[in-house]
1. Distance between the C-alpha centers of the range 75-111 and the range 37-63? Whole Å please.
2. What lysines does residue 29 reach when the alpha-carbon gap must be under 19 Å and sequence neighbours fewer than 8 apart in one chain are set aside?
3. Between 82, 63, 91, where does the largest GNM mean-square fluctuation fall for the chain, given springs only between Cα atoms within less than 10 Å?
4. Need the full-extension length gain, residue 67 to residue 94, defined as separation in residues times 0.36 nm minus the C-alpha distance. One decimal, nm.
5. Tell me the mean residue ellipticity at 222 nm calculated for the chain from its helices only (DSSP H runs of n ≥ 4, each -39500 (n - 2.57), averaged over every residue, nearest 500).
6. On average over all directions, what projected area in square nanometres does the chain have, based on the convex hull of its Cα atoms?
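FYI, it's all coordinate maths here, none of it is from the lab. All of these numbers come straight from a predicted model, not from anything done at the bench.
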Amino acid sequence: MICYLHIFCSSYEKFAQLIEQDVGKRLWKLFPISRGPKISNLMFIDDVILFVGVNVEQARLISDCLTKFYVVSRQKQSAKKSSVYFSSNTSTVLTKEICNILEMPHSKDLN
C-alpha cells in the first residue's frame with residue numbers, strides 16, 4: 001500500500017522521527033523495492049509518500065503516527081491532496097476498510 005500525503009515541509013524531520021521510532025520497534029513493515037533496499041517513506045518539498053504492507057494493522061499504525069504528528073507539530077496533511085494507492089490484487093473490502101481508517105480516498109493511480 002502506498003499512502004500519499006501533502007504536509008508542510010518544515011515538519012518533515014518530526015514526522016520522519018515518528019516513522020523511524022516505529023521502524024526501530026519493528027512495527028512499521030518496510031516495503032521492498034524490487035531486489036534493492038526496503039523503504040518506509042519518501043519525502044519531497046511538500047509531499048510524503050509512505051510505503052507499508054496492505055493490512056489493517058499497518059493502516060492503524062499510519063493513523064497513530066499521523067495523530068502523534070498533529071499533536072507535536074499542530075499541522076495536518078491536506079485532505080484534498082492526500083490519498084491511498086493499492087496494488088490491483090487488493091480486495092475491495094480491505095481497500096474500503098483501510099481508506100476508512102486513514103480517512104483518505106482511494107487513488108486508482110500514483111498521480
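1. That distance is 12 Å.
2. Hits, sequence-local ones excluded: 38, 68.
3. Largest GNM mean-square fluctuation: 91.
4. Stretched out fully, the residue 67 to residue 94 stretch lengthens by 7.5 nm.
5. My calculation for the chain gives -12000 deg cm²/dmol from helical runs alone.
6. Approximately 6.8 nm², given one-decimal rounding.
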